[in-house]
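Structure, as structure tokens:
Each reported figure results from applying straightforward, stated rules to the coordinates on display, with no laboratory input. Everything numeric here is computed off the predicted structure, so don't read it as measured data. Neighbour counts are summed over all protein chains in view; Cβ atoms, including those assigned to glycine, are modelled from backbone coordinates with ideal geometry.
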Amino acid sequence: MASGHRKRYAALFRTYVLNPLNLSNSAGGDLGNVGNQRSLSLYSSGGYAPTFTNASPTQLSNAVSNTDEVFTLAGLTGEVGNTGTFISSSLSGAIGLTATAKHYYFPRAGTVQSDYSSSNAPNSPIIIYTTDGPQSSYVPAYLGATAGTGAIVLGSQITGSGVPTHISVYVAGELQTGDQIRLLDFTGSVLPSLFATGSDTSFATLSSTSATASAAQLSAALYRKAFLIPTGAVANGMIVEFSSAAKTSTTPVKGAFVVIASSSYT
């Protein structure tokens, strides 16, 4: 007979993880694994919110922002250790954050997009985390069984102040096979971009590409991709989209973050 503690735990798991996803049970590989169940119930999509509320301007410490080791994966240290302005010579050392940059996380794939294009439209720079937030990995099976997208809509303010020529977008981390992060214009078309080729985030070598960072591309490029997008292309704003493949795996994936900042490049 299950103990009272286990019954309470099972009830929390159903309430915060399974019910929001219309699931009736956890995957067989997770049954009886207390560590997996605890992680899933606390941090999976549909569970407790990550560390911060959307639009919070409070900087996260290195320890908090790198709990899931996504910054380490990309050769970085965390929000505090990587503050600064995007510069063309060293994106890997300065990813565009400031101490008061606003924080966001993608809505769960398949749900209504978060629209910040008019009300409370953020200025550059901002940071966007995947749904799991910076303190946990995500478990693909518990993000929903079908493919879908979770998107954040940004207004023209994202181009920043002054007369920047480009916005710099830095995508770092690990995604499940088939997942990707895309940068779209307001018509839903993938934006054109200059891309720092391979794992080179210095923009010393550039190629023209579409602004997409897939799981395979991140893995092949030391878990980081950097884009330069002309500000004219986002004069009406932009959509940052987490595109999710159908999910059955229960192997945790670290997740990712996106930093957007204004810049000039010649």
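If you take the beta carbon distance between Ser118 and Thr209 as r and set R0 to 22 Å, what does 1/(1 + (r/R0)^6) give as a FRET efficiency, to the nearest 0.05?
Efficiency, from the Cβ-Cβ distance: 0.15.
How would you order 112-119, 238-245, 71-78 from highest to lowest mean count of nearby Cβ atoms within 10 Å?
Top of the packing list down: 238-245, 71-78, 112-119.
Relative contact order (percent) for region 53-263, with alpha-carbon contacts under 8 angstrom and 6 or more residues of separation?
29 percent
What order, most packed first, do the peptides 171-179, 215-223 have when packing is the mean number of other Cβ atoms within 10 Å of each residue?
Highest-to-lowest ranking by the protection proxy: 171-179, 215-223.
So if R0 is 25 Å, what FRET efficiency would Thr53 and Asn236 give, r being the distance between their Cβ atoms, rounded to the nearest 0.05?
0.40
Please compute the net charge surrounding Ser168, taking Lys and Arg as +1 and Asp and Glu as -1 over other residues with Cβ under 13 Å from its Cβ.
Net of charged neighbours comes to +2.
Quote the FRET efficiency, to the nearest 0.05, computed for Glu69 versus Asn33 with a Förster distance R0 of 25 Å and r equal to the Cβ-Cβ distance.
0.75
Modelled label-to-label distance, Thr187 and Ala246, 7 Å Cα→beta-carbon offset: nm?
It works out to 3.2 nm between the two label points.
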